[in-house]
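Only the coordinates and a few stated rules stand behind these numbers; no lab work does. Keep in mind that what you see is a predicted model, and the values were worked out from it rather than measured. A quick note on method: Cβ atoms are made from the backbone with ideal geometry, for glycine too, and the neighbour counts reach across all protein chains shown.
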Amino acid sequence: MNVPFRFVPSSVRLDGNPCCSCLLGATCLGIALTVLVGCGPKPLPATVDGTVYRNGDPLDNCLVVFLPESRAGAKAWRFVGLTDAQGHYRLQGEDRREGARLGFYRVTIEDLSVSTGVRRLDHGTVDADITPDAEAPQAVRRSRVPDRYGSVVQTPLRKEVQPGHQVIDLEIK
């Protein structure tokens, strides 16, 4: 009597029931997937927002940067926010997670609405040729923020980020 050869995977016994190693592998895979789904970047320990003011008026379109006071051997994290039309900002990390790490920071502020008055062809890297029949250049707009606030060394703004949510308003003088 000639019986045709039948291929049987090693994970299935001849009686049709899966073997123990297959069940163990499936269980481990399930546990691993459960752990991986639950893992991800942890939230930062503090959330920070506030308003930037100059002479009591809110400043829009400003970049707010929190730079950690230097610590030997510590990884430097910086946290940034952009002010909206009401001068309000909210900090987020370089990885775009909202919040900040705890600690002491130097705060810099840069006015992003500054204009040199020079027309650009490619949004800032090549000067446009200004000809008599070209549009008039934009008016020069000077920074509303004094230079010292844009320098990490000279900024008078020093703030501490503490656990939880906090509002840190910044006044430019």
query: What is the spin-label model distance, in nm, from LYS42 to LEU112 if the labels are put 7 Å beyond Cα along the C-beta direction?
result: 3.1
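Can you tell me which of 50-57, 161-168 comes out highest on packing, and rank the rest after it, using the mean Cβ neighbours within 10 Å?
Working: 50-57: 15.5, 161-168: 13.6.
So the peptides 50-57, 161-168, ranked by packing, come out 50-57, 161-168.
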message: Once you place label points 7 Å from the Cα toward the Cβ at LYS173 and SER151, how far apart are they in nm?
response: 1.7
